[in-house]
1. Taking interchain pairs and intrachain pairs at least six residues apart, which have beta carbon atoms under 8 angstrom, with the first residue in the range 11-32 and in contact (Cβ under 8 Å) with a residue 40 or more places away in the chain and the second among the β-branched types (Val, Ile, Thr) and buried (at least 16 other Cβ atoms within 10 Å of the Cβ)?
2. Need the failing condition index for Phe3 against (1) surrounded by 17 or more Cβ atoms within 10 Å (Cβ to Cβ); (2) over 30 Å from Ser213 (Cβ atoms); (3) not small (Gly, Ala, Ser), just the number.
3. Working only within the range 57-81, note down all residues that are within 17 Å of Leu116 (Cα to Cα), β-branched (Val, Ile, Thr) and surrounded by 19 or more Cβ atoms within 10 Å (Cβ to Cβ).
4. So which residues in the range 55-101 are more than 18 Å from the chain's Cα centre (by Cα), in a loop (DSSP other than H, G, I, E, B) and closer than 26 Å to Ser184 by Cα, if there are any at all?
5. Determine which member of the set Ala205, Ala193 is of a type outside the set (Phe, Trp, Tyr), assigned to a helix (DSSP H, G or I) and in contact with a Ser or Thr (Cβ under 9 Å, 6 or more places away or on another chain).
6. What tally of residues in the range 164-190 results from selecting those that are under 17 Å from Gln218 (Cα atoms), in contact with a Ser or Thr (Cβ under 7 Å, 6 or more places away or on another chain) and in a helix (DSSP H, G or I)?
7. Within the range 149-160, does at least one residue satisfy the condition of being modelled with pLDDT of 95 or more and at positive phi?
8. All but one of (1) free of Cβ contacts under 8 Å to residues at least 60 places away in the same chain; (2) in contact with a helix residue (DSSP H, G or I) (Cβ under 8 Å, 6 or more places away or on another chain); (3) farther than 24 Å from His40 by Cα; (4) not in a loop (DSSP other than H, G, I, E, B) hold for Met152; which doesn't?
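The values are calculated or read from the model by the stated rules, or taken from the named source; none is laboratory data. Keep in mind that this is a model prediction, so the values were computed, not measured. Here the Cβ is made from the backbone with ideal geometry for all residues, glycine too, and neighbour counts use every protein chain on show.
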Amino acid sequence: MAFFESYFSNYIEGTEFELAEAYDIVFHQRIPAQRPQDAHDILGTFRVVSNSEEMVRTPETFEQFVTLLKTRHHSIMAARPDKAPGVFKQVPNRAGETFFVSPDLVRGTLQKGYELYCAVDAGLARAIFMMFLIAEIHPFDDGNGRIARIMMNAELVKLGLCRIIIPTVFRDDYLTALRAASRSERMNPLIRALDIAQQFTSQIAFSTYESASRLLQQCNAFKEPSEAKLLMPS
């Protein structure tokens with residue numbers, strides 16, 4: 001499960017490898033000479049999400065929240081020193097028409113967000129809130145989507161709930177819903193999308209790589225959104 005979580009989370013962000021190539025990167029440490037940083041992005045993400053002790057850690061104070069964000073970000077972005085791993089952004093960032101929180105307001109916005117986080121019921125609701133909070137603030141130069149999804153899944157793992165994996169074929173559904181929440185304050189599409197993704201993840205047997213990859217293929221998980229629709233295993 002951790003492997004496929006790392007694979008799909010990076011694919012969403014444009015770090016695209018063939019499945020077999022990603023498998024060799026993670027399990028055989030075969031780093032492509034032409035793309036060492038991309039390979040280490042997958043490895044860094046895998047190291048965090050495969051660490052059972054790490055993935056049950058959720059913040060109990062605001063300072064713990066900041067520390068978790070920075071240490072996890074440093075782990076996944078360690079091979080990209082130009083992206084300031086573990087350091088909040090110093091330059092404003094944007095995605096298309098979406099402008100994220102100004103660098104000088106990042107810490108204060110995170111603090112207010114953390115206060116709201118504490119008031120949200122633990123479980124899926126709090127996990128979705130956490131993901132949206134990080135995605136909306138975009139506190140780092142790069143890697144914000146990956147760290148947002150890691151923070152989301154840690155909330156679920158802590159309670160023994162199923163993680164949320166966003167397969168490639170569902171990428172546009174997820175990103176469109178995220179934009180609707182960010183630009184139009186319409187949260188229902190994002191809640192529905194993540195609920196569907198969790199239901200999908202819960203129906204995949206991750207007992208072996210072979211069985212999981214075979215079922216994921218049958219459900220169109222690796223296809224581009226323009227090629228197919230996500231099918232539920234059931």
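1. These pairs meet every condition: Tyr11/Thr168; Ile12/Ile166; Ile12/Thr168.
2. (2)
3. Selection gives Thr58 alone.
4. Within the range 55-101, Lys89, Val91, Pro92, Asn93, Gly96, Glu97, Val101 qualify.
5. Ala193
6. Summing the residues that are under 17 Å from Gln218 (Cα atoms), in contact with a Ser or Thr (Cβ under 7 Å, 6 or more places away or on another chain) and in a helix (DSSP H, G or I) in the range 164-190 gives 0.
7. So far as the range 149-160 goes, yes, one or more of its residues are modelled with pLDDT of 95 or more and at positive phi.
8. If we test Met152 against (1) free of Cβ contacts under 8 Å to residues at least 60 places away in the same chain; (2) in contact with a helix residue (DSSP H, G or I) (Cβ under 8 Å, 6 or more places away or on another chain); (3) farther than 24 Å from His40 by Cα; (4) not in a loop (DSSP other than H, G, I, E, B), just (3) comes out false.
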